[in-house]
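Have a look at the structure below before the remarks.
Rule-based calculations on the coordinates, nothing more; no lab input. Just so we're clear, the structure is a prediction, and the values are computed from it rather than from any experiment. Don't worry about glycine lacking a Cβ; one is built from the backbone with ideal geometry, like all the others, and counts go over all protein chains shown.
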Amino acid sequence: MTKIKIPAITVICLIGLILIEPTVYLGLIFLSIFLHELGHLFVMAVFGIGIEKVTVLPIGIDIKRREKYISYPKELILALAGIAVNLIVFFICKKYEFFAYTNLLYALINLIPIKGLDGGNALEAFLLSFLDLNRAERILKAVSFIFLIILWMTGVYILLVLNGNISIFALSVFLFLSTNMK
């Protein structure tokens, strides 16, 4: 039986978001995230990959598989499945601009090659298909660090210079903490 875990931080973040932005737009954002994760779960079902535990996070879910190792091509397809769903929804729902562009943005963010995001998982699967584990991990760490710095600087620029929103900055901090706490 699959365990589903919802950490307290996720509940706090969701309640905070609902209190800050209690509109239909927040629901559409959550729907985009949900559809993205369904893409991963669908591919896992097609490949016969068992699910041990699902942890709901503030910006997605973490799926712990029963099978620790699958082929690198399957790993690559699995990593890109959620992004593919978001892109399909973007093209199908273009007349609903907010929902369409939310899916596009979520797909693009997930394509960033940072460990923990789908782009990082895809890069790792690609590198492991022709490099040894140590070398692939060193390259992935370096690429992740570079893109985290770029994401963080973009967030700081948007926040301070453009007097914009805090979300890119917060995402960069969350990703930095989650990739460096493991």
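Under the combined filter of DSSP loop state and at most 15 neighbouring Cβ atoms within 10 Å, the stretch 67-126 retains these GluC sites (Glu not before Pro): E67. As a quick test, which of the pairs K95/K141; K3/K95; K3/K74 have an alpha carbon distance above 28 angstrom in this structure? Where the Cα-Cα span goes over 28 Å, the pairs concerned are K95/K141; K3/K95.
Principal semi-axes of the equivalent ellipsoid, √(5λ) from the alpha carbon gyration tensor of the stretch 12-51, are 29, 11, 4 Å from largest down. Restricting the trypsin sites (Lys or Arg not before Pro) of the stretch 36-87 to loop positions (DSSP other than H, G, I, E, B) with no more than 14 neighbouring Cβ atoms within 10 Å leaves R66, K68. What the Cα atoms of the stretch 112-182 give is an Rg and a Dmax of 13.6, 45 Å.
Among beta bridges identified by DSSP and lying wholly in the chain, the antiparallel ones come to about 60 percent. Think of the chain as a dipole: +1 on every Lys or Arg Cβ, -1 on every Asp or Glu Cβ, centred on the Cα centre; then among A84, L127, Y25, L127 lies furthest on the positive end. Computed on the stretch 112-182, with alpha-carbon pairs under 8 angstrom and 6+ residues apart, the relative contact order is 28 percent.
Ignoring aspartates and glutamates fewer than eight residues from K64 along the same chain, the ones with Cα atoms less than 16 angstrom from its Cα are E37, E52, E75, D118. Using just its DSSP H runs of length 4 or more, each adding -39500 (n - 2.57), the chain gives a mean residue ellipticity at 222 nm of -22500 deg cm²/dmol after division by all residues.
Comparing mean-square fluctuations of A142, A79, A125 from a GNM of the chain with C-alpha springs under 10 Å, the top value falls on A142. When all alpha carbon pairs of the stretch 1-160 are counted in 10 Å bins from zero, the resulting P(r) reads 10, 32, 39, 17, 2 %. Normalised by the number of residues in the stretch 1-114, the average gap of Cα pairs under 8 Å and 6 or more apart makes the relative contact order 30 percent.
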